[in-house]
Amino acid sequence: MTQVVVVGAGPAGVLATLRAADLGAQTTLVTSGAFGGMAANDGPVPVRTLAHTARLLREARQLGQYGVRVSEPVLDYSRLLVRVREVVNEVDTHSSLRRQIDDFGVTVHEQAGAARFVDPHTMETKGGLRLQADKFIGVNRRLPIAGFELTSTHSDAWSLTSVPPSMLVVGAGATGVQVASIFNALGSRVQLFEAGPRILATEDESVSAAAAAAFREAGMVVRENFGTIESFEKTTTGVRMNFSKEGTRLNAEALLVVVAIGWMTDTSGLNLAAAGVELNERKFVKVDEYLQTSAPHIFAAGDIIGRMMLVPQAIQGGYVAATNAVQGRKLPLLPEEEVTPIGSFTEPEYAQVGLTEAKARKTNDIVTAILNFDSTTRTIIDGRKFGFCKLIVDRETAKILGCHVIGERAVDIVEVAAIALAAGMSVDELARIPLSYPTYARSLVRTAVKAARELGLQVGWHSHEVA
Ligand SMILES: Cc1cc2nc3c(=O)[nH]c(=O)nc-3n(C[C@H](O)[C@H](O)[C@H](O)COP(=O)(O)OP(=O)(O)OC[C@H]3O[C@@H](n4cnc5c(N)ncnc54)[C@H](O)[C@@H]3O)c2cc1C
């Protein structure tokens, strides 16, 4: 029987464990932290709970507009953290994954401390556990800047006792923008610093610009192209960031500086060199399409390979890695170009699937259609008129190449677009689906009608529907 050791009980490791056990391998799961990994304990689940709180505060402030009289909501941060723990525990209780793993008779070593390779077929944990197997399936970047130890990460939110009155967030990718947006809504004075020319650099440019405008409107200071950080220093009330731009020395201060400049996996603790596992130029574990590393008996999946660092992709990778570890090189990973909806629960939400306009223009002759949310029925009913839905369509084939949404329920709207993309639908086919009125998803169909018209395609009575 093949012996498999899986390292890490995040979504990738848990799925790899289940798959390997299901394929009949004698499987052991070892993890330094709690079962569920970052996803359950430090990432999407707790952060989404904070985002929900920000949303509730916003909704509470809207009550007066709809004739419901209440006093101004007041946030109790300690109580919020209790709620975060309740949610994490409840999600954990309802997860059937642990039960399934136990049912397979897998040996699980939780809170075991970091495991490291001592030779290609042996790992040891800090607690002295020694694991041997035929196959192995295997965390924030620190900058060499003076005073970097004075900065925080999103994880420090769990140990705060109150909402900090002021916060600098450095890095405006998905995590930084999420932290900035949530704490701005919870009452911090937030300054968001991005070294690049625009926040959310991987989103469509229209979405980046709209998000920056919305954040500014909500009172956040957004500084794109801010320059280069020189140092961090302690002040009587917090931390000062010294930076320079075009020869001018500048600074900004806050009680807390949160750095979110790109997620790195901490591979150093694994002692991968002892097992012959190479890293790529970005310092993530190098794998091929079967998720096999340079050591043929070691496979890797999840954030550690540095591709799409998201839960669904970690799950998919865990399954693929375990299949190939047990059955040989059988199942290649779907290419990254496959349909991958991505969204973030900021205020306002944004989401995308497929190509951005800039990328699509490089390869295709395209048309774009934009439906603004200031004139759609549902957004008017809900008083959520900010944002738009944008479709990018190939002119020749009428196939949908990309969808980008910012505003209320952006993530859900894009999920529907993802299904249309996965099905290879043309934009007129999408335009002919009479989605319920008045819903958010319907804005997608109305955008499709606009694009179809632009292409001269007939959509019959659908072109007369209201949005
Ligand atoms: C703030 C934030 C918000 C996010 N929001 C979302 C979201 O909304 N949607 C989404 O899809 N994704 C989100 N993500 C990303 C998501 O959390 C990750 O992509 C996902 O958790 C990756 O899963 P994984 O299995 O690769 O690793 P992880 O979940 O990081 O789990 C790794 C496990 O390995 C263990 N480990 C590490 N090193 C060792 C070692 N040497 N020995 C033993 N065990 C070890 C750790 O203890 C941990 O249990 C978010 C991330 C962050 C930080």
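The values are calculated or read from the model by the stated rules, or taken from the named source; none is laboratory data. The structure presented is a predicted model; accordingly, all values stated were derived computationally and were not measured. Neighbour counts are summed over all protein chains in view; Cβ atoms, including those assigned to glycine, are modelled from backbone coordinates with ideal geometry. Remember, those area values only see protein heavy atoms, side chains included, never the ligands or the DNA or RNA. Shrake-Rupley method; radii C 1.70, N 1.55, O 1.52, S 1.80 Å.
At a glance:
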{"read-out": "Listing of helices (runs of 4 or more DSSP H) fully contained in region 1-82 that carry 1 or more residues being modelled with pLDDT of 95 or more, of a type outside the set (Ser, Thr, Tyr) and within 13 Å of the ligand (Cβ to nearest atom)", "value": "11-22, 44-62"}
{"read-out": "Members of region 432-441 found to be modelled with pLDDT of 95 or more and touching a Leu at 6+ places or on another chain (Cβ under 8 Å), listed by number", "value": "441"}
{"read-out": "Contacts under 7 angstrom Cβ, first residue in region 31-58 being closer than 30 Å to residue 6 by Cβ and among the acidic types (Asp, Glu), partner open to solvent by 20 Å² or more (accessible area, probe 1.4 Å) and near the ligand (Cβ under 9 Å from one of its atoms), 6 or more apart", "value": "42/155"}
{"read-out": "Answer from 194, 233 - the residue that is of a type in the set (D, E, K, R), surrounded by fewer than 18 Cβ atoms within 10 Å (Cβ to Cβ) and in contact with a strand residue (DSSP E or B) (Cβ under 8 Å, 6 or more places away or on another chain)", "value": "233"}
{"read-out": "Qualifying residue in region 304-312 (condition: part of a loop (DSSP other than H, G, I, E, B) and within 11 Å of residue 138 (Cβ to Cβ))", "value": "no"}
{"read-out": "Condition broken by residue 69, with the remaining ones in (1) open to solvent by 40 Å² or more (accessible area, probe 1.4 Å); (2) under 20 Å from the mean Cα position of the chain (by Cα) satisfied", "value": "(2)"}
{"read-out": "Some residue of region 107-116 being in contact with a helix residue (DSSP H, G or I) (Cβ under 8 Å, 6 or more places away or on another chain), surrounded by 16 or more Cβ atoms within 10 Å (Cβ to Cβ) and closer than 22 Å to residue 323 by Cβ", "value": "yes"}
{"read-out": "Selection count, region 238-288, where residues are farther than 30 Å from residue 301 by Cα, in contact with a Leu (Cβ under 9 Å, 6 or more places away or on another chain) and polar (S, T, N, Q)", "value": "2"}
{"read-out": "Checklist (1) open to solvent by less than 20 Å² (accessible area, probe 1.4 Å); (2) farther than 29 Å from residue 58 by Cα applied to residue 457, failing item", "value": "(1)"}
{"read-out": "Breaking point among (1) loosely packed, with under 14 Cβ neighbours inside 10 Å; (2) farther than 30 Å from residue 296 by Cα; (3) modelled with pLDDT under 90, for residue 127", "value": "(2)"}
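Table: residues versus (1) crowded, with 20+ Cβ neighbours inside 10 Å; (2) more than 30 Å from residue 370 (Cβ to Cβ); (3) polar (S, T, N, Q).
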| site | (1), (2), (3) |
| --- | --- |
| 209 | no, no, no |
| 222 | yes, no, no |
| 253 | no, yes, no |
| 269 | no, yes, no |
